[in-house]
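Read the structure below first, then the notes.
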Amino acid sequence: MNYDIIITGGGLAGLCAARQLKQSGLSVAVIEKKEYPFHKVCGEYISYEVWDWLHHLGLNIQELNPSNIQNLQITSPSGKIKLSAPLDLGGFGISRYTLDNFIYEQNLKVGVQFYLNTTVENIYFENNTFYISTQQGQMLTAKYVIGSYGKRSNLDRILNRPFFYKKTPYIAVKYHVKYDFDKNTIALHNFDEGYCGISAIENNQHCLCYLTHKKHLKKHKSIPEMEKNVLCKNSFLKDIFTNAEFLWDTPETINEISFSPKNPVEQHIFMVGDSAGLITPLCGNGMSMAIHGAKIASEILIQAFEGRISRKQAELLYAKQWRKHFYSRIAWGKRLQHLFGNTTLTAFSLMTLKHSMPITRWLIKQTHGSKISL
Ligand SMILES: Cc1cc2nc3c(=O)[nH]c(=O)nc-3n(C[C@H](O)[C@H](O)[C@H](O)COP(=O)(O)OP(=O)(O)OC[C@H]3O[C@@H](n4cnc5c(N)ncnc54)[C@H](O)[C@@H]3O)c2cc1C
């Protein structure tokens, strides 16, 4: 089969790009290795940066009953220092299970073609055409390809991207829980070399998600033992792990999370979302960046299909726009993650920020974008 655009990976970046491109009249296929709905390791707090844009795409998120999050709380690794600050833009809480499935279903209605349970195995570009082969034996062709396959995939090895070969120490774990905690606040509880977020999602549930160093898991041998011996040193986390009702038998987990720089265009593929670059999760901004990046890439691809710019111009423009919008946010995310990496430094940083609200708000602003213009 031949398409105008093939989108490799149906997370938020791929799903939003598919919708916009299809709505502009192009033939679009999304290849996704899983089948909706499915859970993903993610804190599930989405900045309001993208709210109007999602509605503009015809996605009425309000009907999913998301939570409305307006405040941030950060605690030190012992739980003794607590910083509270308003989130100027704020965000909403909704599970990826519900959100990704909702956009998928809405995309089916506008005629996006989906290949589910299908893994892209190889992509190559020849004579102005992309050839995409899947592990299931299909061969598809397209004029343009969007790479929206997330943080790390077999495709990064195929494309020989340098970050793929660097080992990283991070692992992440996620649960859905029922817990008595303010629905309008997102809390970030620090612990030794890690942080754990909790915030409300739909159906009176909370998402509990943490990032940490894999040495803790190695030392304590299992996730429950690591949680008991490392996370629960923070009194707030101890309360959550003691009193919350955990809704799954086992958590969702991922490893090899890399914050290394990546190229927004790789071998003519427009990389969008985490495939283009990953912001540290403590910023709670990866999803809005994925959706925003999808908009930028789609608008440029539409111009290319209308013959207003060449492939080369489209690639240069996208790389430039991507860096303009996201480079500084990613850099600030990394700096903040260093600030919260170590027990003493975290306590010191929080104590300082607690007494300087303008600096706290300024720091939050550095990692957040403003509302996407329609
Ligand atoms: C611990 C943690 C907490 C986070 N918390 C937040 C938060 O609270 N708020 C926030 O905004 N962001 C958060 N993020 C970041 C956010 O999850 C990502 O930025 C976002 O999911 C990026 O979306 P995406 O579409 O680029 O990738 P994804 O959502 O990862 O989608 C990629 C898709 O590609 C598919 N795929 C991969 N390889 C192939 C292949 N070869 N063939 C076919 N399909 C393939 C995958 O199955 C997947 O569905 C967090 C990240 C982590 C690690």
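The values are calculated or read from the model by the stated rules, or taken from the named source; none is laboratory data. Note that the structure is predicted; figures quoted are calculated from it, not measured. Note that we place each Cβ from the backbone using ideal geometry, even for glycine, and neighbour counts take in every protein chain shown.
The condition of being of a type in the set (Lys, Arg), closer than 30 Å to ASN65 by Cβ and away from the ligand (no atom under 14 Å from the Cβ) holds for only one of LYS183, LYS174, that being LYS183.
For LYS295, state whether it is in a helix (DSSP H, G or I) and at negative phi. Yes.
Beta carbons closer than 6 Å, at least 6 apart along the sequence or on distinct chains, pair a first residue in region 179-200 that is at negative phi with a second that is outside any strand (DSSP E or B) and within 13 Å of the ligand (Cβ to nearest atom) for TYR195/LEU282; GLY197/GLY43. The single condition among (1) within 15 Å of the ligand (Cβ to nearest atom); (2) at pLDDT below 95 that SER76 does not meet is (1). The set of residues from region 250-278 being of a type in the set (Val, Ile, Thr), within 11 Å of SER148 (Cα to Cα) and away from the ligand (no atom under 12 Å from the Cβ) comprises just one member, ILE269. Listed conditions (1) surrounded by 22 or more Cβ atoms within 10 Å (Cβ to Cβ); (2) aliphatic (A, V, I, L, M); (3) touching a helix residue (DSSP H, G or I) at 6+ places or on another chain (Cβ under 9 Å); (4) over 30 Å from GLU245 (Cβ atoms) are all met by VAL145, apart from (3). Outside any helix (DSSP H, G or I) and away from the ligand (no atom under 16 Å from the Cβ) - does that describe any residue in region 310-320? Yes, some residue in region 310-320 is outside any helix (DSSP H, G or I) and away from the ligand (no atom under 16 Å from the Cβ). Scanning region 194-244 for residues that are among the charged types (D, E, K, R), away from the ligand (no atom under 16 Å from the Cβ) and closer than 26 Å to TYR97 by Cβ yields one hit, ASP239.
When region 56-105 is filtered for residues that are among the polar types (S, T, N, Q) and either farther than 21 Å from CYS196 by Cα or in a loop (DSSP other than H, G, I, E, B) (or both), the ones remaining, listed by number, are ASN60, GLN62, ASN65, SER76, SER78, SER95, THR98, ASN101. Go through (1) at pLDDT below 95; (2) more than 15 Å from the ligand (Cβ to nearest atom); (3) not small (Gly, Ala, Ser) for PRO169 and report which single condition fails. Tallying (1) at pLDDT below 95; (2) more than 15 Å from the ligand (Cβ to nearest atom); (3) not small (Gly, Ala, Ser), PRO169 fails exactly one: (2). Among the residues making up region 43-73, those that are farther than 18 Å from LEU87 by Cβ, touching a residue at least 60 places away in the same chain (Cβ under 8 Å) and not aliphatic (A, V, I, L, M) are TRP53, HIS56, ASN65. Among the residues making up region 29-52, those that are within 11 Å of the ligand (Cβ to nearest atom) and either part of a helix (DSSP H, G or I) or under 15 Å from ALA290 (Cβ atoms) (or both) are VAL30, GLU32, LYS40, VAL41, CYS42, GLY43, GLU44, TYR45, ILE46, SER47, GLU49, VAL50.
Pairs linking a residue in region 205-229 that is in the same structural domain as ASP180 (by TED's automatic domain parsing) to a residue that is hydroxyl-bearing (Ser, Thr, Tyr) and more than 14 Å from the ligand (Cβ to nearest atom), with Cβ atoms under 7 Å and 6 or more positions apart or on different chains, are HIS206/TYR179.
Screening MET139 with (1) surrounded by 21 or more Cβ atoms within 10 Å (Cβ to Cβ); (2) of a type in the set (A, V, I, L, M, F, W, C); (3) assigned by TED's automatic domain parsing to the domain that holds GLN62 gives one miss only, at (1).
Do we find that LEU26 is aliphatic (A, V, I, L, M), more than 16 Å from the ligand (Cβ to nearest atom), outside any strand (DSSP E or B) and touching a residue at least 12 places away in the same chain (Cβ under 8 Å) in this structure? For LEU26, the condition - aliphatic (A, V, I, L, M), more than 16 Å from the ligand (Cβ to nearest atom), outside any strand (DSSP E or B) and touching a residue at least 12 places away in the same chain (Cβ under 8 Å) - is met. Does PRO281 satisfy being farther than 15 Å from ILE146 by Cα and in contact (Cβ under 8 Å) with a residue 12 or more places away in the chain? Against the criterion (farther than 15 Å from ILE146 by Cα and in contact (Cβ under 8 Å) with a residue 12 or more places away in the chain), PRO281 qualifies. Scanning region 1-23 for residues that are among the aliphatic types (A, V, I, L, M), within 14 Å of the ligand (Cβ to nearest atom) and part of a strand (DSSP E or B) yields ILE6, ILE7.
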